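These notes concern the structure reproduced below.
The values are calculated or read from the model by the stated rules, or taken from the named source; none is laboratory data. Here the structure is a predicted model, which means the values were calculated and not measured. Note that each Cβ is placed from the backbone with ideal geometry, even for glycine, and that neighbours are counted across all protein chains shown. Accessible surface is based on the protein model in full, side chains and every heavy atom, while ligands, DNA and RNA are left aside. Shrake-Rupley method; radii C 1.70, N 1.55, O 1.52, S 1.80 Å.
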Amino acid sequence: MAREAFEEIAETFEFLDDWEDRYRHVIELGRELPGLDEAVKVPATKVHGCASQVWLLPRIEGTGPQAQFDFAGESDAMIVQGLIAILHALYSGLSVTQVGEVDAAAELARLGLNDHLSAQRSNGLRAMIERIRLLAAEAASA
C-alpha cells in the first residue's frame, strides 16, 4: 500500500550500504521539508511521547472517509525531522480511511529503522504514527 514517494525512500535505503549513509539520507529528507509557522507550534499540535520537540499539523481536504490526508510537521532534532519526512511520504495523499489501513510497522521495517533507532526515537516514532492515525480517524468521522 506504500505510496511512490515511500517506495523511492525504500529503494534508496537498499542502495545505501551502511547506516551512516542512511542516517545522512534521513537528515537530508528532513531538510527538504518546509518548517512550520511559529503560530502553529502550540500544545494542540505537539506530539507527546517524543524526546525531542515535534509538532504535526493536519491538512485535510474534503470531508468524511474519502477526505485526502496530508500533514506538515517539524522537529527540533534533525533525525526526527527526517522521520517526519518518511512518515509524510508514507501517509500523505491517502484518504483518511486508508491512513488507518497502513501497516506502518511493516513498511518502516523495510527500511530497517527498528534495528537502528534508539529506544527513545522508536517511542517517538510510534507516538507520531499514533497521532497521524488519530488525526485521520477524527477527520474520517467528521
TODO: Looking only at region 95-102, decide whether some residue is at pLDDT 95 or above, touching a strand residue (DSSP E or B) at 6+ places or on another chain (Cβ under 7 Å) and either closer than 22 Å to R22 by Cβ or assigned to a loop (DSSP other than H, G, I, E, B) (or both).
DONE: no
Task: So A5, is it out of contact with any Gly (no Cβ under 6 Å at 6 or more places or on another chain), closer than 23 Å to R131 by Cα, assigned to a helix (DSSP H, G or I) and open to solvent by 60 Å² or more (accessible area, probe 1.4 Å) - done: no
- [ ] Would you please list the contacts, defined by Cβ atoms under 9 Å and residues six or more apart or on different chains, that run from a residue in region 104-115 that is touching a residue at least 40 places away in the same chain (Cβ under 8 Å) to a residue that is part of a loop (DSSP other than H, G, I, E, B) and surrounded by 12 or more Cβ atoms within 10 Å (Cβ to Cβ)?
- [x] E107/A2; R110/A2
Task: Residue selected from region 8-37 under the condition of a type in the set (F, W, Y) and in contact (Cβ under 8 Å) with a residue 24 or more places away in the chain, by the criterion most open to solvent (accessible area, probe 1.4 Å) - done: Y23
Open item on the list: I'm trying to understand the selection: among the residues of region 110-124, which are of a type in the set (A, V, I, L, M) and within 14 Å of the chain's Cα centre (by Cα)?
Closed with: L111, L113
Open item on the list: Can you say whether L111 is open to solvent by less than 30 Å² (accessible area, probe 1.4 Å), in contact with a helix residue (DSSP H, G or I) (Cβ under 8 Å, 6 or more places away or on another chain), at negative phi and not in a helix (DSSP H, G or I), as far as the supplied structure shows?
Closed with: yes
Task: Residue ID - most open to solvent (accessible area, probe 1.4 Å), chosen from residues in region 38-50 that are part of a loop (DSSP other than H, G, I, E, B) and not small (G, A, S) - done: H48
TODO: Could you run through region 73-94 and say how many residues are open to solvent by less than 10 Å² (accessible area, probe 1.4 Å) and either of a type in the set (D, E, K, R) or part of a strand (DSSP E or B) (or both)?
DONE: 1
Task: Top-ranked residue in region 51-67 [being free of Cβ contacts under 8 Å to residues at least 60 places away in the same chain and closer than 14 Å to I132 by Cβ; ranked as surrounded by the fewest Cβ atoms within 10 Å (Cβ to Cβ)] - done: R59
Open item on the list: Could you check region 115-131 and list, in sequence order, the residues that are open to solvent by 70 Å² or more (accessible area, probe 1.4 Å) and aliphatic (A, V, I, L, M)?
Closed with: A119
Open item on the list: Which count do you get for residues in region 41-67 that are touching a Leu at 6+ places or on another chain (Cβ under 7 Å) and of a type in the set (D, E, K, R)?
Closed with: 0
